[in-house]
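Participant: First the structure, which I've put down as structure tokens, then a few questions once you've had a look.
The values are calculated or read from the model by the stated rules, or taken from the named source; none is laboratory data. Since the structure is predicted, the reported quantities are computational estimates derived from the model, not experimental observations. Positions of Cβ are backbone-derived with ideal geometry, glycine not excepted, and every protein chain shown enters the neighbour counts. For the accessible areas, the whole protein counts, side chains as well, though only heavy atoms, and no ligand, DNA or RNA atoms are used. Shrake-Rupley method; radii C 1.70, N 1.55, O 1.52, S 1.80 Å.
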Amino acid sequence: PPENEHEKWKAIQISEWLCNTCFEEKYMREYAKDEEQDVYIELFAGSAPLTRALIHKTNNAHFILVDNKSRAMIEEQYKEWGMKELLKRHNVTFIQFDLRILSMKDLKAWCGISARSNIKNIKIMAISIDCTTLTKAGDCNYIRHRGKEGQALTIAAQWDSKMIRTIVKVVEEIEEMVPTALISIENGWHSHLKDMKDITKLRTKGFEVFKT
């Protein structure tokens with residue numbers, strides 16, 4: 001049995017997505033005759049800048065927005081961007097999910113059930129990681145999350161480091177399965193992210209670092 005609230009939440013989510021995955025094949029058979037849609041995914045979606053930029057410029061596409069926050073919180077926090085209206089669109093799916101436990105099974109289920117498509121149809125996956133425990137500017141704050149070399153000094157930073165490892169693992173799997181997909185991981189330039197071991201590993205595999 002789960003030992004704490006996080007484990008309980010994790011168990012509920014795993015159970016939910018295992019159930020979804022069981023139905024994925026049946027769902028895909030039902031819609032096999034339909035033309036599969038292109039899939040655009042935003043992890044830590046927030047105000048969904050990618051979706052808002054492309055939704056009126058793409059045909060036969062489905063946008064999957066995933067965030068740790070609830071739909072109600074996202075709609076309220078970004079109401080000036082028209083998030084409530086955006087999330088009502090037939091080709092947009094919002095999913096609240098603990099991204100610390102993300103796996104390829106989750107992405108396959110979302111593509112199959114939400115988008116009625118296939119993971120190999122992912123065109124873009126944009127990942128915008130919360131910089132609270134990563135920014136070097138935060139070193140001046142009362143709570144210092146990381147050391148000079150980026151090592152985690154707080155529980156929150158440890159969880160984020162674990163999450164980044166999970167995200168990188170998924171990115172590597174997608175890159176192998178869908179080499180044509182454009183994958184981006186965004187964070188503040190003056191953060192520890194680009195120098196972290198897991199991100200450096202991606203850079204050795206051909207991923208580039210851009211300052212925008």
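Participant: Please go through (1) modelled with pLDDT under 80; (2) surrounded by 14 or more Cβ atoms within 10 Å (Cβ to Cβ); (3) within 19 Å of Met163 (Cα to Cα) for Lys8 and return the number of the only condition it doesn't satisfy.
Facilitator: Every listed condition holds for Lys8 apart from (2).
Participant: Within region 67-117, can you find the residues that are within 21 Å of Ile167 (Cβ to Cβ) and among the β-branched types (Val, Ile, Thr)?
Facilitator: Scanning region 67-117 gives Ile74, Thr93, Ile95, Ile101.
Participant: Another question, then. Considering region 155-184 alone, what residues qualify as being closer than 22 Å to Asp38 by Cα and among the hydroxyl-bearing types (Ser, Thr, Tyr)?
Facilitator: Thr180, Ser184
Participant: Return the residues of region 176-197 that are surrounded by fewer than 17 Cβ atoms within 10 Å (Cβ to Cβ) and either closer than 22 Å to Leu134 by Cβ or of a type outside the set (D, E, K, R) (or both); say none if nothing qualifies.
Facilitator: Within region 176-197, Met177, Pro179, Thr180, Leu182, Ser184, Glu186, Gly188, Trp189, His190, Asp195, Lys197 meet the criteria.
Participant: Anything in region 185-212 that is part of a helix (DSSP H, G or I) and under 18 Å from the mean Cα position of the chain (by Cα)? List them, or say none.
Facilitator: The answer is Leu193, Lys194, Asp198, Ile199, Leu202.
Participant: Something else now. Report yes if some residue within region 161-184 is basic (Lys, Arg), at pLDDT below 85 and in a helix (DSSP H, G or I); otherwise report no.
Facilitator: no
Participant: Return the residues of region 109-134 that are of a type in the set (Val, Ile, Thr) and open to solvent by 20 Å² or more (accessible area, probe 1.4 Å); say none if nothing qualifies.
Facilitator: Ile113, Ile124, Thr132
Participant: Check region 151-173 and report whether any residue there is more than 19 Å from the chain's Cα centre (by Cα) and open to solvent by less than 80 Å² (accessible area, probe 1.4 Å).
Facilitator: Yes, the conditions are met somewhere in region 151-173.
Participant: Condition first: among the hydroxyl-bearing types (Ser, Thr, Tyr) and assigned to a loop (DSSP other than H, G, I, E, B). Can you find one or more residues in region 109-118 that meet it?
Facilitator: Checked region 109-118: at least one residue is among the hydroxyl-bearing types (Ser, Thr, Tyr) and assigned to a loop (DSSP other than H, G, I, E, B).
Participant: Within region 87-129, work out how many residues are in contact with a strand residue (DSSP E or B) (Cβ under 6 Å, 6 or more places away or on another chain) and farther than 21 Å from Asp198 by Cα.
Facilitator: Total satisfying the criteria: 15.
Participant: Considering region 198-212 alone, what residues qualify as being of a type outside the set (Val, Ile, Thr) and open to solvent by less than 100 Å² (accessible area, probe 1.4 Å)?
Facilitator: If the condition is that a residue be of a type outside the set (Val, Ile, Thr) and open to solvent by less than 100 Å² (accessible area, probe 1.4 Å), then Asp198, Lys201, Leu202, Gly206, Phe207 are the ones that fit.
Participant: Residue under question is Ser191, and the condition is that it be free of Cβ contacts under 8 Å to residues at least 60 places away in the same chain and of a type in the set (S, T, N, Q); does it hold?
Facilitator: no
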